[in-house]
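Notes follow once the structure below has been shown.
The values are calculated or read from the model by the stated rules, or taken from the named source; none is laboratory data. Keep in mind that this is a model prediction, so the values were computed, not measured. Please note: Cβ atoms are built from the backbone with ideal geometry, for glycine as well, and neighbour counts cover all protein chains shown.
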Amino acid sequence: VPPTIELASRHFGQRKKIGVLTSGGDAPGMNACVRAVVRYGITKGCDIFAIYEGYQGLVDGGSFIKKMEWKDVRGWLAVGGTSIGTARCMPFKTREGRLQAAQNLISNGIDALIVCGGDGSLTGADVFRSEWPGLLKELKENGRVSQEECDKFQHLTIVGLVGSIDNDMSSTDITIGAVTSLHRICESVDSISSTALSHSRAFVVEVMGRHCGWLALMAGIATGADFVFIPERPPSEDDWEQVMCDVAQRHRHLGKRKTVIIVAEGAIDKNLNAIKADYIKDILTDKLGLDTRVTTLGHTQRGGSPAAYDRILATIQSVEAVEAVLRATPDSPSPLIGTSNNKITCGPLMKAVELTHAVAEAISQKNFARAMELRDPQFADEYDSYIASTIIDDQTMRLPEHQQMRIAILHVGAPAGGMNAATRTIVRYALNRGHTPLGVFNGFPGLLRGTIEELTWLSVDGWTSRGGSELGTNRSQPDVDMGMVAYQLQKHSIQGLILIGGFEAYSALLSLEKARDKYPSLRIPLCQIPATISNNVPGTDFSLGTDTSLNAIVDSCDAIVQSARSSRRRVFVVEVQGGKTGYLAVEAGLATGANTIYIPEEGISLARLQADVQHLIALYNDDDEEKSEGRIILRTESVSKTYTTDVICNILQDEGHNIFDSRTAVLGHIQQGGTPSPMDRIRATRLAVKSVEFVELHASAAFTEAHENGKCQPIELTHAKESAAVIGIMGTDVKFTPIEDLLRETDMKNRKSKKAWWYEHRPLVDLLSGRGLFASRE
Ligand code: ATP
């Protein structure tokens with residue numbers, strides 16, 4: 001039985017009236033915010049008012065303040081920008097403007113505001129709230145509100161949501177819209193890369209970010225750019241122009257035909273002089289003679305349908321925003337809803353705004369270390385990973401000869417977005433450290449045959465943006481011939497093995513670890529970078545490939561919904577993958593606004609199907625005859641042998657009578673995605689650097705001992721349980737967990753982790769489709 005969220009009682013008592021507005025620059029996901037505030041607010045017994053055109057609508061009042069109904073926000077998840085409009089409003093910056101805004105709120109009976117915008121909008125919101133008692137008094141004195149109204153509207157509740165493509169707000173790891181913007185940037189840079197490669201050109205790409213280099217840095221990582229310039233970390237050298245040219249030159253000498261440099265709008269040198277794209281172009285042209293072009297991406301970065309990540313983030317944060325309104329007391333400071341360590345947070349809004357301003361201040365005082373510190377810890381980590389895997393021939397990174405190793409990389413299981421990106425970064429970082437990276441082709445069968453080759457810096461060029469598995473991957477396990485696996489590892493003097501894959505890789509790591517007792521050549525650091533669209537590997541919140549897959553599902557579902565809408569009154573049963581895990585269905589269900597989902601954690605029963613048919617009938621009966629909706633249901637393929645996708649579709653078809661009809665859509669391998677998403681590429685890069693560090697860490701004691709005793713490198717490096725581990729993303733950290741310790745949280749039978757942080761999103765899928773609400777109206 002799916003878990004449920006408590007609906008408001010039928011006798012709502014005093015209904016809370018909440019206004020929602022979007023302000024400042026538009027950001028993809030703002031519509032998802034409004035949708036979730038409206039729908040969740042309604043289920044909680046509130047009246048929700050959309051305030052059109054940001055603060056301008058609040059000042060102007062009248063038709064700019066509109067009560068929203070459930071159906072008003074239908075289809076908004078997939079729409080970019082903000083459908084209720086946004087504006088930069090000068091009058092709201094004046095007291096007179098805010099006085100008028102206060103009067104408009106009171107006349108509409110609104111006593112709570114949810115504001116989605118950047119730091120300016122949120123500062124405005126807080127000013128408004130702090131002035132509220134004074135505004136109220138003045139309105140009363142001028143006879144613009146009655147005593148009764150004055151008594152009733154003593155307190156204004158404000159809750160902030162950060163909608164900003166720059167990811168420039170402190171106190172939250174990520175802002176709504178930033179990931180979609182990164183998608184647009186990466187698509188552009190990927191296209192530019194093709195032409196740069198064809199003509200052997202250099203491109204300088206300017207991206208948004210006046211005080212924040214998040215977009216520039218992440219785009220640099222995700223596209224494998226040669227150099228990035230960001231405001232928080234200006235180049236430390238006086239002659240940075242020469243350093244940049246040296247890097248580009250070395251990459252060219254290795255055979256690279258393209259040079260891509262990404263510059264944030266607000267990039268500066270260490271003396272705070274702006275670094276502009278045209279200046280970089282001139283340097284590359286003059287010093288290196290490169291045919292260089294400048295591309296300023298401009299407003300394309302704002303546009304388009306939100307990525308899966310932003311739809312989910314906006315939805316769960318907005319639900320929390322409504323909860324925060326309902327929890328608020330007159331004394332509690334205005335909260336800001338954020339995200340930290342993969343959890344939704346609710347902290348003081350003004351502190352976040354102050355911290356955000358502190359970054360700009362630190363930069364203006366040339367305190368760049370402080371500016372980096374004020375960003376989330378992941379940012380500095382990502383920056384280091386980028387440098388470590390991009391700038392070659394940095395002698396400071398190179399290990400002494402006796403610690404240089406032969407590290408093999410092997411892909412296991414089904415392809416997943418980010419496998420190639422991870423391999424590429426392992427190779428480049430390993431080379432920078434003085435190691436020899438080796439690619440094992442075609443998984444364990446390849447290892448058994450000894451298909452192992454050294455990978456060079458150039459051989460992995462361009463792999464960051466490639467989907468699938470360039471090394472080749474399959475489901476075979478090492479235990480078919482563990483003796484041969486051990487033999488080949490010894491023959492090729494492999495001193496560290498990195499597996500990239502899903503649950504098959506996890507099982508393989510377990511077998512290798514167990515076989516260490518028998519085979520000394522397996523007593524080397526062994527690790528797994530989780531990569532599977534199912535997200536079922538223990539020891540990580542996210543596997544590589546999950547984000548790519550979610551975006552592939554969301555894109556397909558958007559197209560299916562469009563078809564269903566055109567046909568009117570049609571329900572699609574969409575089959576998604578996920579093994580025995582409902583992760584993809586839950587997250588895609590939230591991102592697409594699915595009517596319901598069927599997942600292995602819950603199974604399907606006749607009673608459940610019957611309730612779902614009733615719900616659909618209730619919804620369709622409530623639809624306007626001429627504007628009836630298409631709807632989708634997501635079904636994880638392994639959920640039931642009896643209630644197959646076809647069976648469910650047929651049941652819906654029959655039971656829907658002439659109220660709605662039904663079709664199936666099986667997404668199949670489309671879900672592995674084509675080009676990996678930026679998030680998967682970035683995660684891959686970070687995990688890849690950590691995996692090499694892991695291998696070094698667990699080999700160093702044996703190397704040091706041998707070196708001190710004047711011996712050559714040993715075959716056996718380690719037998720410690722910590723040296724066979726899964727490298728996972730836990731919140732904002734990367735953690736190594738010994739596979740032996742992970743067994744406790746592994747459901748071997750169902751091939752998944754017993755922990756499922758995402759399951760708490762599950763009830764929202766049904767709730768936001770009107771479950772309970774419409775049924776109760778019948
Ligand atoms: P972006 O990150 O896209 O710039 P933002 O929210 O920071 O978004 P701003 O233009 O700074 O964008 O602010 C949006 C609106 O918020 C302003 O037009 C104004 O109406 C209001 N606002 C900003 N700062 C204040 C303030 N100090 N007092 C009152 N209102 C403000």
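Residue check: is A78 farther than 20 Å from V159 by Cα, more than 16 Å from the ligand (Cβ to nearest atom), in contact (Cβ under 8 Å) with a residue 60 or more places away in the chain and touching a Ser or Thr at 6+ places or on another chain (Cβ under 6 Å)? Please lay out each step first, then the result.
Working: farther than 20 Å from V159 by Cα: yes; more than 16 Å from the ligand (Cβ to nearest atom): yes; in contact (Cβ under 8 Å) with a residue 60 or more places away in the chain: yes; touching a Ser or Thr at 6+ places or on another chain (Cβ under 6 Å): yes.
Yes.
Determine whether segment 133-141 contains at least one residue that is touching a residue at least 60 places away in the same chain (Cβ under 8 Å), under 22 Å from L326 (Cα atoms) and more than 10 Å from the ligand (Cβ to nearest atom).
Our first condition is that a residue be touching a residue at least 60 places away in the same chain (Cβ under 8 Å); within segment 133-141, this holds for none.
No: segment 133-141 contains no residue that is touching a residue at least 60 places away in the same chain (Cβ under 8 Å), under 22 Å from L326 (Cα atoms) and more than 10 Å from the ligand (Cβ to nearest atom).
For N658, indicate whether it is assigned to a helix (DSSP H, G or I) and without any contact (Cβ under 8 Å) to a residue 40 or more places away in the chain. Quick ask: steps written out before the conclusion?
Values: assigned to a helix (DSSP H, G or I): no; without any contact (Cβ under 8 Å) to a residue 40 or more places away in the chain: yes.
Judged against the criteria, N658 is not a match.
Could you list all residues from segment 383-424 that are at pLDDT 90 or above and under 20 Å from the mean Cα position of the chain (by Cα)? Talk me through it step by step, then tell me what you get.
Our first condition is that a residue be at pLDDT 90 or above; within segment 383-424, this holds for 383, 386, 398-424.
Y383, Y386, P415, A416, G417, G418, M419, N420, A421, A422 - these are the residues of segment 383-424 that are at pLDDT 90 or above and under 20 Å from the mean Cα position of the chain (by Cα).
Can you find even one residue in segment 752-773 that is part of a strand (DSSP E or B) and buried (at least 18 other Cβ atoms within 10 Å of the Cβ)?
Scanning segment 752-773, I find at least one residue that is part of a strand (DSSP E or B) and buried (at least 18 other Cβ atoms within 10 Å of the Cβ), so the answer is yes.
Listed residues I158, I230, I174; which is touching a Gly at 6+ places or on another chain (Cβ under 7 Å) and either of a type outside the set (K, R) or closer than 16 Å to T685 by Cβ (or both)?
I230 is the lone residue from the list that is touching a Gly at 6+ places or on another chain (Cβ under 7 Å) and either of a type outside the set (K, R) or closer than 16 Å to T685 by Cβ (or both).
Please specify each residue of segment 578-596 satisfying the condition of being assigned to a helix (DSSP H, G or I) and touching a strand residue (DSSP E or B) at 6+ places or on another chain (Cβ under 7 Å).
At the first step, the residues of segment 578-596 found to be assigned to a helix (DSSP H, G or I) are 583-592.
Passing the criteria: L584, A585, V586, A588, G589, T592.
Of the residues G266, G220, G303, which single one is surrounded by fewer than 17 Cβ atoms within 10 Å (Cβ to Cβ), of a type outside the set (F, W, Y) and within 30 Å of the chain's Cα centre (by Cα)?
Details: G266 fails: surrounded by fewer than 17 Cβ atoms within 10 Å (Cβ to Cβ); G220 fails: surrounded by fewer than 17 Cβ atoms within 10 Å (Cβ to Cβ).
Matching residue, one of G266, G220, G303: G303.
Can you find, within segment 478-520, the residue that is surrounded by the fewest Cβ atoms within 10 Å (Cβ to Cβ) among those that are out of contact with any strand residue (DSSP E or B) (no Cβ under 6 Å at 6 or more places or on another chain) and of a type in the set (A, V, I, L, M)?
If we take residues in segment 478-520 being out of contact with any strand residue (DSSP E or B) (no Cβ under 6 Å at 6 or more places or on another chain) and of a type in the set (A, V, I, L, M), then V480 is surrounded by the fewest Cβ atoms within 10 Å (Cβ to Cβ).
Using the structure shown, decide if Q395 is among the polar types (S, T, N, Q), out of contact with any helix residue (DSSP H, G or I) (no Cβ under 6 Å at 6 or more places or on another chain), without any contact (Cβ under 8 Å) to a residue 40 or more places away in the chain and under 23 Å from L499 (Cα atoms). Quick ask: steps written out before the conclusion?
Values: among the polar types (S, T, N, Q): yes; out of contact with any helix residue (DSSP H, G or I) (no Cβ under 6 Å at 6 or more places or on another chain): yes; without any contact (Cβ under 8 Å) to a residue 40 or more places away in the chain: yes; under 23 Å from L499 (Cα atoms): no.
So Q395 does not fit the description; no.
Can you tell me which residue in segment 172-182 is farthest from I221 (Cα to Cα), limited to those that are in contact with a helix residue (DSSP H, G or I) (Cβ under 6 Å, 6 or more places away or on another chain) and away from the ligand (no atom under 15 Å from the Cβ)?
This residue is V179.
What residue, of S465, S476, is of a type in the set (S, T, Y) and at pLDDT below 95? So that I can check it myself, show each step before the final result.
Details: S476 fails: at pLDDT below 95.
It is S465.
Of everything in segment 683-717 that's among the hydroxyl-bearing types (S, T, Y) and crowded, with 20+ Cβ neighbours inside 10 Å, which residue is farthest from T746 (Cα to Cα)? Break it down into steps so the answer makes sense when it comes.
Of segment 683-717, the ones among the hydroxyl-bearing types (S, T, Y) are 685, 691, 700, 704.
If we keep only those that are crowded, with 20+ Cβ neighbours inside 10 Å too, we end up with 685, 691.
Working: T685: 26, S691: 22 Å.
It comes out as T685.
Within the set of pairs 6 or more residues apart or between chains, which connect a residue that is among the acidic types (D, E) inside segment 100-120 to a residue that is more than 16 Å from the ligand (Cβ to nearest atom) with Cβ atoms less than 9 Å apart?
What qualifies is D111/K16; D111/K17; D111/I18; D111/K152; D111/F153; D111/Q154; D111/H155; D111/T157.
Being of a type outside the set (G, A, S), in a helix (DSSP H, G or I) and either surrounded by 17 or more Cβ atoms within 10 Å (Cβ to Cβ) or in contact with a His (Cβ under 9 Å, 6 or more places away or on another chain) (or both) is the requirement here; does I283 meet it? First the steps, then the outcome.
On the way: of a type outside the set (G, A, S): yes; in a helix (DSSP H, G or I): yes; either surrounded by 17 or more Cβ atoms within 10 Å (Cβ to Cβ) or in contact with a His (Cβ under 9 Å, 6 or more places away or on another chain) (or both): yes.
So I283 passes the test.
Restricting the search to segment 81-100, which residues are more than 10 Å from the ligand (Cβ to nearest atom), more than 24 Å from the chain's Cα centre (by Cα) and within 29 Å of D168 (Cα to Cα)?
First, pick out the residues of segment 81-100 that are more than 10 Å from the ligand (Cβ to nearest atom): 81-85, 96, 99-100.
Pick out the ones that are also more than 24 Å from the chain's Cα centre (by Cα) and you get 84-85, 96, 99-100.
Scanning segment 81-100 gives I84, G85.
For segment 197-212, name all the residues that are buried (at least 22 other Cβ atoms within 10 Å of the Cβ) and closer than 19 Å to D278 by Cβ.
A202, F203, V204, V205, E206, V207, M208, G209
Out of the residues in segment 597-644 that are among the basic types (K, R) and not in a helix (DSSP H, G or I), which is nearest to S566 (Cα to Cα)? Spell out the reasoning first.
Taking segment 597-644 as the starting set, the residues that turn out to be among the basic types (K, R) are 608, 627, 631, 635, 641.
In the following step, the residues that additionally are not in a helix (DSSP H, G or I) were identified as 631, 635, 641.
On the way: R631: 11, R635: 22, K641: 32 Å.
The extreme case among them is R631.
For (1) away from the ligand (no atom under 16 Å from the Cβ); (2) touching a Phe, Trp or Tyr at 6+ places or on another chain (Cβ under 9 Å); (3) more than 30 Å from K17 (Cβ to Cβ), each residue gets a yes or a no:
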{"site": "Q103", "(1), (2), (3)": "yes, no, no"}
{"site": "S107", "(1), (2), (3)": "yes, no, no"}
{"site": "E131", "(1), (2), (3)": "no, no, no"}
{"site": "G160", "(1), (2), (3)": "no, no, no"}
{"site": "G163", "(1), (2), (3)": "no, no, no"}
{"site": "S193", "(1), (2), (3)": "yes, yes, yes"}
{"site": "S200", "(1), (2), (3)": "yes, no, yes"}
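Of E232, E237, which residue is touching a helix residue (DSSP H, G or I) at 6+ places or on another chain (Cβ under 7 Å), within 30 Å of A362 (Cα to Cα), in contact (Cβ under 8 Å) with a residue 60 or more places away in the chain and charged (D, E, K, R)? So that I can check it myself, show each step before the final result.
On the way: E237 fails: in contact (Cβ under 8 Å) with a residue 60 or more places away in the chain.
Sole residue among the options that is touching a helix residue (DSSP H, G or I) at 6+ places or on another chain (Cβ under 7 Å), within 30 Å of A362 (Cα to Cα), in contact (Cβ under 8 Å) with a residue 60 or more places away in the chain and charged (D, E, K, R): E232.
With the requirement that a residue be surrounded by 19 or more Cβ atoms within 10 Å (Cβ to Cβ) and touching a helix residue (DSSP H, G or I) at 6+ places or on another chain (Cβ under 6 Å), what does segment 737-750 give you? I'd like the intermediate steps shown before the answer.
Initial filter on segment 737-750 (surrounded by 19 or more Cβ atoms within 10 Å (Cβ to Cβ)): 739, 742, 746.
Within segment 737-750, I739 is the sole residue that qualifies.
Yes or no, residue by residue, for (1) out of contact with any helix residue (DSSP H, G or I) (no Cβ under 7 Å at 6 or more places or on another chain); (2) modelled with pLDDT of 95 or more; (3) under 21 Å from T464 (Cβ atoms):
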site: C186; (1), (2), (3): no, yes, yes
site: D190; (1), (2), (3): no, no, yes
site: D246; (1), (2), (3): yes, no, no
site: R252; (1), (2), (3): yes, no, yes
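Give me the residue from segment 111-129 that is more than 12 Å from the ligand (Cβ to nearest atom) and closer than 25 Å to A27 by Cα and, out of that set, surrounded by the most Cβ atoms within 10 Å (Cβ to Cβ).
So in segment 111-129, the residues more than 12 Å from the ligand (Cβ to nearest atom) come out as 111-114.
Filter once more, so that each one left must be closer than 25 Å to A27 by Cα: 112-114.
Details: A112: 25, L113: 24, I114: 27.
Restricting to residues being more than 12 Å from the ligand (Cβ to nearest atom) and closer than 25 Å to A27 by Cα, the top hit is I114.
Can you name the residue in segment 55-80 that is within 27 Å of the chain's Cα centre (by Cα) and assigned to a helix (DSSP H, G or I) and is also farthest from A591 (Cα to Cα) among such residues?
In the first step, residues of segment 55-80 are kept if they are within 27 Å of the chain's Cα centre (by Cα); the result is 73-80.
In the following step, the residues that additionally are assigned to a helix (DSSP H, G or I) were identified as 73, 76-78.
Values: V73: 14, W76: 11, L77: 7, A78: 8 Å.
Within segment 55-80, the match that is farthest from A591 (Cα to Cα) is V73.
If the Cβ limit is 6 Å and pairs must be 6+ apart or interchain, which residue in segment 18-35 that is more than 15 Å from D168 (Cα to Cα) and assigned to a strand (DSSP E or B) pairs with which residue that is β-branched (V, I, T) and away from the ligand (no atom under 15 Å from the Cβ)?
I18/I48; I18/V325; G19/I110; V20/V34; V20/V37
Within segment 35-68, count every residue that is within 16 Å of the ligand (Cβ to nearest atom), within 23 Å of P306 (Cβ to Cβ) and of a type in the set (A, V, I, L, M, F, W, C).
Number of matching residues: 1.
Would you call P530 in a loop (DSSP other than H, G, I, E, B) and either within 17 Å of I682 (Cα to Cα) or touching a residue at least 60 places away in the same chain (Cβ under 8 Å) (or both)? Talk me through it step by step, then tell me what you get.
Details: in a loop (DSSP other than H, G, I, E, B): no; either within 17 Å of I682 (Cα to Cα) or touching a residue at least 60 places away in the same chain (Cβ under 8 Å) (or both): yes.
Against the criterion (in a loop (DSSP other than H, G, I, E, B) and either within 17 Å of I682 (Cα to Cα) or touching a residue at least 60 places away in the same chain (Cβ under 8 Å) (or both)), P530 does not qualify.
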